[in-house]
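A short worksheet on the structure shown next.
No lab work stands behind these numbers, since they all come straight from the coordinates. Remember, it's a predicted structure, so these values are computed and weren't measured experimentally. Here Cβ is always computed from backbone atoms with ideal geometry, including for glycine, and neighbour counts include all displayed protein chains.
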Amino acid sequence: MLPLIAFWNGMERAAARWRLLVLYWFVHTLLALAIAAPVAAVATAPLLRSTLARELLGQFDVAWLAELYASAGQQAAPALLAAAAVAGLAAWLAGVLLAGGAVPALASPDLPQNAAVFWQNAGRNFWRFFRLSLYFLVLYASVFAALGLIRTAARALWGEGLAAAPLVYADWLRLALLLLAFGLLATASAFAKVRIVLSDSRQCLRACLGSVRLILRHPGLVFWLWACFAATGLAAAWLYLHASNWLETRLGALLLPLVALQQAYLLARILLRFALWGAAAEMDPLLRPLPSAAPPPPPAPPAPEYEI
């Protein structure tokens, strides 16, 4: 029951910070344009002079990528890779900076909503959240490498056999465990950010390891909290795909409704990210209360008065 209550309270906290939603949407739109502009420049030329490219793209055939690479990708590949690398780095740094201002606003509902407080917290927490993201990046890579041993073991046991079913089942098991582990690590990252903000601590490694320890101590609560957000995210993705397919078949010539639907789905994903931080702020003080502040020292006795 506690994960569900935290989920709803997190959604309420996220909905109350609608200005942050708009700011996140604006930044993500700019980054998407930075990635899409060079790709569109490369893809436009083959579409203008090749009937095959237009037909493949219309059916979204994978062969369109091969056609694109054969016609323009060989010369444009370095530029596209450089643009993607710069955009990825910019998205990472911008996400860290914005999270530094958004997490305090979601963890403390009484915090005033103004730009000065937001950017002050963003600058204050940038280096802390940046180091925290590096620590969790190491954890993600470690989990990915460890679960890759499942495929290696399956190939060592059944790789020479004629039956492919054991290898398929091993891949399915690895994929399921990978999704579960990455989801729990994402939840642990939210708890770590909230813990740093609530305790005003600079010990990022301790916050990272403490959040992982929290998941190991309360696996049921954290799992059901992640399950609530995962189910909501899957439902939003399913609605978006079905609605976009319906718009493409019924209103294929009108791009405005499709673009509006895409932006609404982007806002829904940002709302879920905010709600996860808000839910972590609800649960963290209950699962691991902050140490009580030391009582103030007693007042010093008044100095004796001497008569001369």
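Using a simple spin-label model with pseudo-atoms 7 Å out from Cα toward Cβ, residue 173 and residue 5 lie 3.9 nm apart.
Stretching the chain fully between residue 287 and residue 206 yields a gain of 27.5 nm (0.36 nm per residue, less the alpha carbon separation). When 205, 225 are arranged by Cβ crowding within 10 Å, least crowded first, meaning fewest neighbours, the order is 205, 225.
With both labels modelled 7 Å from their Cα along Cα-to-Cβ, the residue 127 to residue 149 distance reads 3.7 nm. Note on 222, 194, 22: ascending count of other Cβ atoms within 10 Å places them as 22, 222, 194, the fewest first.
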